[in-house]
Amino acid sequence: MAKPLLAVIVGSNRRESINRKLAQAMVKLGADKFDARIVRIDDLPMFNQDNENNLPTEVVRFKDEVARADGVLIVTPEHDRSIPAVLKNAVDWGARPWGKNSWAGKPGFITGTSPGAIGSALAQQHLRSVMTGLGMILLGGEAYVTFKPNLVDDHGNIADESTRKFLQDHIDRFAFLVGRLSGEPARSAA
Ligand SMILES: Cc1cc2nc3c(=O)[nH]c(=O)nc-3n(C[C@H](O)[C@H](O)[C@H](O)COP(=O)(O)O)c2cc1C
């Protein structure tokens, strides 16, 4: 049976993004449970309501990739104690036009990292509020990851064992949530 499809959105357009590296490592953690695809947001034009009934090609592609996914993993840094603009722009395109909200009813898992002690917690909290308002069904719990230079090793794996186990637990619970919401028989998270 096909595995559920995970759309992975990284809240950074930086070439060496630590959140993209974390996202790729998390895809590896979930490889036996999900097929995953990183969905670009760096090519989306700045949101303009004038265009919401004649969506730019990149936006059509973006909304289509989200629509086809069984769940959405968002891995985001924190900018100025909130959601990075590039990610908020993608959220806004996803939400519009009225009646075509890409997020409603979609299972979501929010995490992210920054070098600060609270590991992008404020950005994640703001994003939780926004996505809940848009009808996304979010995985419970909190997954704030303080970035350390060895967070992801040269092989693309989470190096620290306790962080790896922490994130594995979230991925496993998210797979369970996605399974339940897709109407498949309940599967053990173990
Ligand atoms: C405009 C801007 C604002 C930032 N604000 C915060 C912040 O509020 N909290 C924080 O922990 N880090 C902040 N940072 C540092 C980012 O966490 C850091 O640049 C991190 O590498 C971003 O993740 P990325 O590599 O995935 O883009 C900020 C960086 C920028 C460029």
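Distant-in-sequence amide contacts of Ser114, defined by a placed amide H-H separation under 5 Å and a gap of 5 or more residues or a different chain, comprise Gly119, Ser120, Val145, Phe147. The stretch between Arg14 and Ser182, if pulled fully straight at 0.36 nm per residue, gains 57.1 nm over its current Cα-Cα span. Here the gap between Asp169 and Asn101, fully extended at 0.36 nm per residue and compared with their Cα-Cα distance, gives a gain of 21.5 nm. Quick one: among Gly135, Gly99, Gly116, which has the greatest mean-square fluctuation in a GNM of the chain with alpha-carbon springs under 10 angstrom? Highest fluctuation of the listed residues: Gly99. Set Lys and Arg Cβ to +1 and Asp and Glu Cβ to -1, take the dipole of the chain about its Cα centre, and tell me which of Val66, Ile41, Gly112 lies farthest positive. Farthest towards the positive end: Val66. Using the Karplus relation 6.51 cos²θ - 1.76 cosθ + 1.60 with θ = phi - 60°, the per-residue 3J(HN,Hα) values for the stretch 152-160 come to 10, 7, 5, 9, x, 10, 5, 6, 6 Hz, with x marking Gly and Pro. Report note on the peptides 106-113, 162-169: ranked by the mean count of other C-beta atoms within 10 Å, highest first, their order is 106-113, 162-169.
Can you bin the stretch 24-98 into rounded, prolate or oblate? Criterion: square roots of the alpha carbon gyration tensor eigenvalues sorted a ≥ b ≥ c, rounded for a/c under 1.5, prolate for a/b above b/c, oblate for the rest. It is oblate, given that a/c is not under 1.5 and a/b is not larger than b/c. Think of the chain as a dipole: +1 on every Lys or Arg Cβ, -1 on every Asp or Glu Cβ, centred on the Cα centre; then among Leu177, Leu138, Asn150, Leu177 lies furthest on the positive end. Evaluating 6.51 cos²θ - 1.76 cosθ + 1.60 at θ = phi - 60° for every residue in the stretch 131-144, the Karplus couplings come out as 5, 5, x, 8, x, 6, 9, 8, 5, x, x, 10, 10, 8 Hz, glycine and proline recorded as x. For Asp35, the shell of other residues with beta-carbons less than 14 Å away shows a net charge of +2, using +1 for Lys and Arg and -1 for Asp and Glu.
Between the beta carbons of Thr132 and Asp154, assuming R0 = 30 Å, the FRET efficiency works out to 0.20 to the nearest 0.05. Taken about its Cα centre, the stretch 39-94 carries a charge dipole of roughly 100 debye when the Cβ of each Lys and Arg holds +1 and the Cβ of each Asp and Glu holds -1.
Net charge in the neighbourhood of Asp50 (other residues with Cβ under 14 Å of its Cβ; Lys, Arg +1, Asp, Glu -1) is -1. Dipole magnitude for the chain: computed about the Cα centre from +1 point charges on Lys and Arg Cβ and -1 point charges on Asp and Glu Cβ, it is near 240 debye. Average accessible surface for the chain: 51 Å² per residue, computed with a 1.4 Å probe over protein heavy atoms with every protein chain in place. Mind checking which of Leu177, Leu151, Leu55 has the largest fluctuation in a GNM of the chain, springs on alpha carbons under 10 Å? In this elastic network of the chain, the residue with the biggest mean-square fluctuation among Leu177, Leu151, Leu55 is Leu55. Largest GNM mean-square fluctuation among Asn19, Asn89, Asn51, using the chain with Cα springs under 10 Å: Asn51.
How many angstrom separate the Cα center of the stretch 116-164 from the Cα center of the stretch 1-54? That distance is 14 Å.
Can you tell me which aspartates and glutamates have their Cα less than 17 Å from the Cα of Lys165? Leave out same-chain residues fewer than eight positions away. By straight Cα distance, Lys165 reaches Asp32, Glu142, Asp153.
Just subtract the alpha-carbon distance of Asp32 and Arg61 from 0.36 nm times their residue separation and send over the number in nm, one decimal. Spell out each step's value before the answer.
Values: separation 29, 0.36 × 29 = 10.44 nm, distance 2.65 nm.
Contour length minus Cα-Cα distance gives 7.8 nm.
The values are calculated or read from the model by the stated rules, or taken from the named source; none is laboratory data. The structure presented is a predicted model; accordingly, all values stated were derived computationally and were not measured. Here the Cβ is made from the backbone with ideal geometry for all residues, glycine too, and neighbour counts use every protein chain on show. Heads up: the accessible areas ignore ligands, DNA and RNA and are worked out on the full protein's heavy atoms, side chains in. Shrake-Rupley method; radii C 1.70, N 1.55, O 1.52, S 1.80 Å.
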